[in-house]
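Below is one structure, written out as structure tokens, with a few remarks after it.
None of the figures in this text is laboratory data; all of them are computed from the coordinates on show. The structure displayed is predicted, hence computed values, not measured ones. All Cβ positions, glycine included, derive from the backbone under ideal geometry; neighbour counts span all protein chains shown.
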Amino acid sequence: MERNRFEPFGEQLVSATDTQPQSRASKLLLRAGTGLFWSLVAAIVFARAAFFEPGVYDGFSHVASLAKNLFF
């Protein structure tokens, strides 16, 4: 095992000369998948921001304050 071709945990390192040139379809598919992923992330974030209700967790704080008043 050559020392310069493997990392300390035994995983083989890939150099720039070892990589095969990617096809045009592969690059297009990679960009489409990446774009789809980030558009879904943005849609989830915007949907959560649009439907955010600040008073959702007020009920728990009300119950917690009642329990505190009962025990202390």
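Could you run the Karplus curve 6.51 cos²θ - 1.76 cosθ + 1.60 with θ = phi - 60° over segment 32-38 and give me ³J(HN,Hα) per residue in whole Hz, x for Gly and Pro?
Whole-Hz 3J(HN,Hα) from phi for segment 32-38: 5, x, 5, x, 5, 4, 5.
Between Phe37 and Gln12, what is the label-to-label distance in nm when each label sits 7 Å out along the Cα-to-Cβ direction?
2.4 nm
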